[in-house]
Amino acid sequence: MSKIKCLSNSERAELLKTIPDWEYDEEQKGIVTTYQFNDFTTAFGFMTSVAILSEKADHHPEWFNVYNKVEILLTTHDAGGLSIRDIELARAIDAL
Ligand code: HBI
């Protein structure tokens, strides 16, 4: 598999404009967002959908769930930072 590369600062700035509900976290070198649902069951159902998406994409989130809130971090471990895979998965999650 070709080594996946990190986005440049300018690429990141441009691509972030296409996913306005996400922001770049410098410390975690990834993009983050928070979803809030009506209840836990709905939140967990969303997480199940994301899990299926992630498996298909072979790209997985780091996330935290408490009750109806789901916090998601997308970063590319293989690249050591933000890659196009994170942007693509964010778009797919937002489209659920
Ligand atoms: N998910 N976020 C993230 N980052 C990766 O580098 C990654 C992954 N899921 C699977 C995966 N890499 C595989 O390609 C193996 O490299 C583990």
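Here are a few things to note about the model shown:
- Given +1 at the Cβ of Lys and Arg, -1 at the Cβ of Asp and Glu and no other charges, the dipole of the chain around its Cα centre is 220 debye to the nearest 20.
- Straight Cα distances below 23 angstrom link Lys5 to the lysines Lys17, Lys29, Lys56, with same-chain residues fewer than 8 positions distant left out.
- For the chain, fraction of C-alpha pairs farther apart than 16 Å, in %: 53 percent
- Cα-based equivalent ellipsoid of segment 40-89: semi-axis lengths in Å, sorted from largest, via gyration tensor: 22, 12, 7
- Residues Glu62 and Phe40, FRET efficiency given R0 of 22 Å [Cβ-Cβ distance, rounded to 0.05]: 0.65
- Applying 0.36 nm per residue to the separation of Ser10 and Glu27 and subtracting their alpha-carbon distance, the gain on full extension is 4.3 nm.
Where a number appears in this text, it was derived from the coordinates with a stated rule and is not lab data. The structure displayed is predicted, hence computed values, not measured ones. Cβ coordinates were reconstructed from backbone atoms using ideal geometry, including for glycine residues, and neighbour counts include every protein chain displayed.
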